[in-house]
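The block underneath contains the structure these notes are about, expressed in structure tokens.
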Amino acid sequence: MNNCEWEIRWSESLSVGVAEIDQEHRQFVARVNELNKAIIECRNKATVERLLDLMLMEASHHFWHEQRLLALWNYPDRAAHAAKHAELTAQFDRIMKEFERADVSFTWALKGLHIKQLLVDHLLQEDMKYRDFLLRRKDSERSPTCRRRERKRAPAVA
Ligand SMILES: [Fe+2]
Ligand SMILES: [Fe+2]
């Protein structure tokens, strides 16, 4: 199978508009591609487990970082977002236990892909919600200035 078919490419549509978070999301996309490649190339369980451990360790730090920023930005749904992170972390623990117990390659490969998909879905659905919040906030912060500038530029009505 052609590896490119499995590859996720970073695009601006994935950007949340915050450089430090985008950097961590880019790193995550790179990890997803490494994991997909290892599974496609039928690498052994230990290799896939090492990649999953790394992905989950980075995800845990990323969740903490994101929550810290969401609090700083006063994101109204920050508690719900943190709850999603906690829910995902609990799911990962459960799936990793199943991964460890699985001895058929098809089964443990599916567990690995499930973890990856949960993280991808979170990025595409949940993280994009605070991206939209930041965009709206930026827009409303800009509007009064724009309006003032427009008023200054507007010709005086006689
Ligand atoms: Fe994220
Ligand atoms: Fe998140």
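Values quoted throughout were computed directly from the atomic coordinates according to the rules given, and no laboratory measurement underlies them. Computed from a predicted model, the values in this text were never measured in an experiment. Cβ: placed from backbone, ideal geometry, glycine included. Neighbour counts: every protein chain shown.
Results, tabulated for the structure shown:
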quantity: Flag if GLU20 is among the charged types (D, E, K, R), within 16 Å of ligand 2 (Cβ to nearest atom), in contact with a helix residue (DSSP H, G or I) (Cβ under 7 Å, 6 or more places away or on another chain) and closer than 18 Å to GLU126 by Cα; calculated: no
quantity: Members of the stretch 35-74 that are more than 23 Å from ALA86 (Cα to Cα) and loosely packed, with under 12 Cβ neighbours inside 10 Å; calculated: GLU41, CYS42, ASN44, ALA46
quantity: Failed item in (1) crowded, with 18+ Cβ neighbours inside 10 Å; (2) among the aliphatic types (A, V, I, L, M); (3) over 20 Å from LEU135 (Cα atoms), with LEU14 passing the rest; calculated: (3)
